[in-house]
Amino acid sequence: MKLVVKRPWDAIVWWEIRRIPFNLCVLVAGLVSGLVIELVGSRLVKPGEDVEEPLGIIVGAIVYAVAANLCYSVGWISELLWSWGDTTRTETMRAKIFRIGLVFSVVVTLMPAILVPLIWAIFGFQHGPTS
């Protein structure tokens, strides 16, 4: 009779050790998006106006960070559900699932940096109102 070792905490620790690098990657992508939006957006509004309200940026960043981390937690939660608590059944898939989730999260975070300039280009690189 083969003894199966159940190690649910192993999966949780594995995912949690990678939470900080995940957050750093998403943070860098968010900073790039914010910079691109500011640079392109400043060409679309009257001089002296904000592209986005500063409080909206702060609140939006906090909400986005919380949502990203809740979604990140789905990694180890779903692994525990898929494996019925026996993480020896799923540990070989962890790294691949982590990479897929990381790439997805970074791409979603970079979407504004891609879409805002694209929309600006579609409308002929027009500047915003001057008066």
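The values are calculated or read from the model by the stated rules, or taken from the named source; none is laboratory data. Quick caveat: nothing in here was measured; it's all calculated off a predicted structure. Positions of Cβ are backbone-derived with ideal geometry, glycine not excepted, and every protein chain shown enters the neighbour counts. Heavy atoms of the whole protein, side chains included, go into the accessibility calculation; ligands, DNA and RNA do not. Shrake-Rupley method; radii C 1.70, N 1.55, O 1.52, S 1.80 Å.
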If you go through Gly60, Gly48, Gly85, the only one that is among the small types (Gly, Ala, Ser), over 30 Å from Pro8 (Cβ atoms) and part of a loop (DSSP other than H, G, I, E, B) is Gly48
Condition met for Ile58 (at negative phi, at pLDDT below 95 and surrounded by 13 or more Cβ atoms within 10 Å (Cβ to Cβ)): no
Just give me the residues in the stretch 90-113 being β-branched (Val, Ile, Thr) and in a helix (DSSP H, G or I), in sequence order. Thr92, Ile97, Ile100, Val103, Val106, Val107, Val108, Thr109
Pull out all pairs, ordered by first then second residue, where Cβ-Cβ is under 9 Å, the residues are six or more apart or on different chains, the first lies in the stretch 82-104 and is of a type in the set (D, E, K, R), and the second is open to solvent by 100 Å² or more (accessible area, probe 1.4 Å) and at pLDDT 80 or above. Arg89/Trp82
Quick one: Arg43 ticks every box in (1) at pLDDT 80 or above; (2) within 28 Å of Phe123 (Cα to Cα) except a single one, so which number is it? (1)
Per the filter on the stretch 70-111, residues over 12 Å from the mean Cα position of the chain (by Cα), open to solvent by less than 40 Å² (accessible area, probe 1.4 Å) and among the aromatic types (Phe, Trp, Tyr) are Phe98
Given (1) among the β-branched types (Val, Ile, Thr); (2) over 29 Å from Leu118 (Cβ atoms); (3) modelled with pLDDT of 95 or more, number of the condition Val26 does not satisfy: (2)
